[in-house]
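Visitor: Okay, here's the structure, questions in a sec.
The values are calculated or read from the model by the stated rules, or taken from the named source; none is laboratory data. Note that the structure is predicted; figures quoted are calculated from it, not measured. Here the Cβ positions follow ideal geometry from the backbone for every residue, glycine too, while neighbour counts run over all protein chains shown.
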Amino acid sequence: MTKRLFLEMMLEILYPRRCPLCRETVGQKGEKICPACKRSLRPIREPACKKCGKPLNRQEQEYCADCGREEHLYTRGLAVLPYEGAVRRSMGQIKFHNKREYLDFYGPYMAEILGQRILSWKVQAIAPVPMHPAKKRRRGFNQAELLAEKLGECLGIPVMPGLVERVRATRPQKELTRRERQNNLKGAFKIRGYDVKLKKIILVDDIYTTGSTVDAIAGELLRQGAEEVYFASLCIGRDDSEIL
């Protein structure tokens, strides 16, 4: 038995793994979520926005309200789960209560649901959406970075956590209007050590809202020489329009 395996076994005995949805102890050894809770998950299916992957209200829709009125800089995006209910509460536990171990389930689950489509894009690298260094120090981790690492490990795609850097602290996007969001992110990101051979990149984040952050990063990458920038998020909101 390796030292790492022994330590993992001891940690599991001392700190039993809890389900990221119901937060009860996961009974079966090696499992990261209750079987019943995993069955309750409803990954996004069609109809979904052809640009960002947001779930839509009607089969005949092609784009959500945001993508119908905005021209995004990224090529295409995908998301795993609607940002609602138990999943939304689970995201809050990760971000604000240091339940980063929940990402041990969500990362591989992201690969399970989105993997084939991501591989079809033939991306050369995964880049997590960065946090400002001061915020990362306060929280202790960047959930997007941990998701990206697990996704890259599952799919065999290199992860470049230092490619995109957030160099300016910004106000929370959820507090702002669309125009304020765009202005809020101007000059917020820098690209470090870009390789000119890098033409297709996928950004990874935990939650996608309007796409302002992804567009701001995509714009910087395109200026460096990238040809296509994609994104994958664990969660995304539902379309808020009835008719586009």
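Visitor: Restricting attention to segment 50-87, and to residues there that are small (Gly, Ala, Ser) and within 26 Å of LEU119 (Cα to Cα), which single residue is nearest to the chain's Cα centre (by Cα)?
Guide: Applying the filter and picking the extreme gives ALA79.
Visitor: Further, regarding this structure: Taking only pairs six or more apart or across chains, which ones have beta-carbon atoms under 9 Å, a first residue in segment 83-110 that is over 19 Å from THR25 (Cα atoms), and a second residue that is acidic (Asp, Glu)?
Guide: These pairs meet every condition: LYS95/ASP206; GLY107/GLU149; GLY107/GLU153; PRO108/GLU153.
Visitor: Looking at segment 181-218 only, could you name the residues that are of a type in the set (Val, Ile, Thr), closer than 24 Å to LEU78 by Cβ and either in a strand (DSSP E or B) or free of Cβ contacts under 8 Å to residues at least 60 places away in the same chain (or both)?
Guide: ILE191, ILE201, ILE202, VAL204, ILE207, THR209
Visitor: For PRO108, only one of the following conditions fails: (1) assigned to a loop (DSSP other than H, G, I, E, B); (2) more than 22 Å from GLY211 (Cα to Cα). What is its number?
Guide: (1)
Visitor: Sticking with this structure for a sec: Is it the case, given these coordinates, that VAL229 is over 14 Å from ALA144 (Cα atoms) and either in the same structural domain as VAL164 (by TED's automatic domain parsing) or free of Cβ contacts under 8 Å to residues at least 60 places away in the same chain (or both)?
Guide: yes
Visitor: Out of segment 57-69, which residues are under 18 Å from ILE207 (Cβ atoms) and part of a loop (DSSP other than H, G, I, E, B)?
Guide: CYS64
Visitor: Here's a follow-up. How about segment 111-137: which of its residues are part of a loop (DSSP other than H, G, I, E, B) and either on the phi < 0 side of the Ramachandran plot or of a type in the set (Gly, Ala, Ser) (or both)?
Guide: Result: TRP121, VAL123, GLN124, VAL129, PRO130, MET131, HIS132.
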